[in-house]
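Remarks on the structure that follows.
The values are calculated or read from the model by the stated rules, or taken from the named source; none is laboratory data. Small disclaimer: the values here were computed from a predicted structure and weren't measured. Note that each Cβ is placed from the backbone with ideal geometry, even for glycine, and that neighbours are counted across all protein chains shown. Only protein heavy atoms, including side chains, enter the accessible area calculation; ligands, DNA and RNA are left aside. Shrake-Rupley method; radii C 1.70, N 1.55, O 1.52, S 1.80 Å.
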Amino acid sequence: MKRIAVLTSGGDAPGMNAAIRAVVRGGLEQGWEVFGVRQGYAGLMGGDFVSLSARDVGGIIQQGGTVLGSARAPEFKTEEGRKQALANLEARGVEALVVIGGGGSQSGAYALSRMGFPVVGVASTIDNDLYGSETTIGVDTALNIALEAIDRLKVTASSHHRAFLVEVMGRDCGYLALMAGIAGGAEVIVLLEVESDPEEVIETLKAAYRRGKAHAIAVVAEGATNNANELMLYAQENQKRIGFDLRVTILGHVQRGGMPGAFDRLLATRLGVGAVERLAGGEHGVLMGLIRGEILATPLDEAAGRKKPLDLGLLEMARVLAK
Ligand SMILES: Nc1ncnc2c1ncn2[C@@H]1O[C@H](COP(=O)(O)OP(=O)(O)O)[C@@H](O)[C@H]1O
Ligand SMILES: O=P(O)(O)OC[C@H]1O[C@](O)(COP(=O)(O)O)[C@@H](O)[C@@H]1O
Ligand SMILES: [Mg+2]
C-alpha cells in the first residue's frame with residue numbers, strides 16, 4: 001500500500017481544511033495510507049506525523065484555519081533542514097507529499113522535489129500572488145471579510161463625516177487591496193505595484209468632500225510604500241485639512257481567520273482531489289491551480305518563485321468610477 005503525507009504551510013487560509021479533507025479521503029479511495037504532518041515544514045523536519053482516517057477529517061470542511069497547524073520554518077530553506085525532512089519521510093515509508101500553501105511553501109516543495117522526492121503543491125494563500133492559479137484557496141473568503149469591514153466603516157464614516165484609511169493584508173501583493181477597493185467602492189486605492197504620492201491621496205479625499213460626499217474610503221495595501229499609518233502621519237505632520245476627519249483601520253489577521261465560503265470550500269476540494277489524481281497517475285513536481293475554470297497542473301519549476309502580475313487596468317477603472 002502506498003503512503004502519502006499532507007501538510008499546510010505559511011499563513012493559514014480559509015479552505016485549507018477542505019483541501020486536507022479532500023487529500024485524505026481522495027487518498028484513502030486510492031487504497032493509500034495518508035499521514036498528516038503538523039505545523040508545516042517545522043513538523044516535517046521534526047517528525048510530527050499522524051496517520052489520518054476518513055473520520056479524522058470529518059466536520060472540518062466548514063472550519064477556518066488548518067487542523068494540521070501551519071508554520072513559517074526558515075530552517076527548511078537549508079539543505080540540512082530538507083535532508084532531515086527527507087529522512088523523516090523515508091523512515092515512515094512515505095512515498096509522496098502534498099504541500100498546501102502559498103508562494104514560499106511552493107518554493108520549498110520545489111526544493112524538495114529537486115532532491116528527488118515526489119511532491120505535488122496545492123495553491124493556497126489569501127494573498128493571491130501565486131503563479132499557476134488564477135485564484136488561490138482563501139482569497140475569496142478574505143476578500144469578503146475585508147468588504148464587510150469596509151461596508152461597516154462606511155456606515156460610521158457617513159454618520160461623522162469621516163474619511164477612513166483602511167489597510168488590507170496581502171504582503172507584497174496588492175490584489176486584495178485592489179479588489180476590496182473596487183468592490184467596496186473606495187475613493188482611493190493605494191497599492192505597492194504603483195508608486196503613490198501621499199499628497200495625491202489627501203487631495204483625492206479632499207475632492208470627495210468638496211463634491212459633497214458623506215464619507216470617503218482609501219483602501220491601502222499593507223505592503224504599499226505609504227501604508228495607512230504613514231499616510232495618517234503625513235496628513236497630521238503636514239496639517240492637511242481634508243474636510244473629513246481622518247481615521248485609520250488596519251484589518252490585519254482578522255481577514256485571514258474567517259470560515260471558508262462556498263467558493264473556497266469548492267476550490268480547495270477540487271484542488272485536493274486533483275493533487276491525489278495526479279499522484280495516482282504517476283505525476284509530481286507540479287502545482288495544482290485553477291486556470292480558466294479547470295483544475296490544472298503547472299510544473300513547479302515554472303511556478304515556484306514566480307509572482308503573478310496584477311491587472312493594473314482595473315486600478316484605472318476604479319479611479320474612473322470613484323466619482
Ligand atoms: N526558497 C525556499 N526554499 C525552501 N523553503 C522555503 C523557501 N521559501 C519558503 N520556504 C518555506 O515555506 C514556508 C512558508 O513560506 P511563506 O513565504 O512564509 O508562506 P507562503 O507559503 O504562504 O507564501 C517558509 O517558512 C519556509 O519553511
Ligand atoms: O501571519 P504573519 O506571520 O504575521 O504574516 C503576515 C502575512 O501573512 C499573510 O496574511 C499571508 O501570507 P502568506 O500566504 O504568504 O503566508 C500576508 O498577507 C501577511 O503579510
Ligand atoms: Mg506568500
Inset, instruction - Hey, can you tell me all the residues within the stretch 126-139 that are surrounded by fewer than 24 Cβ atoms within 10 Å (Cβ to Cβ) and more than 14 Å from GLY170 (Cβ to Cβ)? - result: TYR131, GLU134
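Out of the stretch 140-152, which residues are of a type in the set (A, V, I, L, M, F, W, C) and either more than 15 Å from ligand 1 (Cβ to nearest atom) or open to solvent by 30 Å² or more (accessible area, probe 1.4 Å) (or both)? Talk me through it step by step, then tell me what you get.
At the first step, the residues of the stretch 140-152 found to be of a type in the set (A, V, I, L, M, F, W, C) are 142-143, 145-147, 149-150.
Within the stretch 140-152, LEU143, ILE145, ALA146, LEU147, ALA149, ILE150 meet the criteria.
Only one residue in GLY243, GLY252, GLY257 is open to solvent by less than 20 Å² (accessible area, probe 1.4 Å) and at pLDDT 95 or above, so which one is that?
GLY252
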Inset, instruction - Run down GLU283, GLU277 and say which single residue is closer than 13 Å to VAL98 by Cα, assigned to a loop (DSSP other than H, G, I, E, B) and assigned by TED's automatic domain parsing to the domain that holds TRP32. - result: GLU283
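One line per residue, one yes/no per condition, for (1) more than 20 Å from ASP301 (Cα to Cα); (2) outside the structural domain of ALA13 (by TED's automatic domain parsing); (3) more than 16 Å from ligand 3 (Cβ to nearest atom); (4) polar (S, T, N, Q):
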residue	(1), (2), (3), (4)
ALA73	yes, no, no, no
THR78	no, no, yes, yes
ALA85	yes, no, yes, no
ARG92	yes, no, yes, no
GLN106	no, no, no, yes
LEU112	no, no, yes, no
ALA123	no, no, no, no
ILE126	yes, no, no, no
Inset, instruction - Inspect all residues belonging to the stretch 179-202 and state whether any of them is at pLDDT below 95 and small (Gly, Ala, Ser). - result: yes
Legend entry - Complete set of residues in the stretch 288-317 that are open to solvent by less than 70 Å² (accessible area, probe 1.4 Å) and in a strand (DSSP E or B): MET288, GLY289, LEU290, ILE291, ILE295, LEU296, ALA297, THR298, PRO299
Legend entry - Residue within the stretch 92-101 that is within 16 Å of ligand 1 (Cβ to nearest atom) and not in a strand (DSSP E or B) present: no
Inset, instruction - Could you tell me whether the stretch 242-254 includes any residue that is of a type in the set (Phe, Trp, Tyr), farther than 29 Å from ILE295 by Cβ and outside any loop (DSSP other than H, G, I, E, B)? - result: no
Inset, instruction - Mind listing just one residue for me: the one in the stretch 115-157 that is over 13 Å from the mean Cα position of the chain (by Cα) and not in a helix (DSSP H, G or I) and, of those, farthest from ligand 2 (Cβ to nearest atom)? - result: GLY116
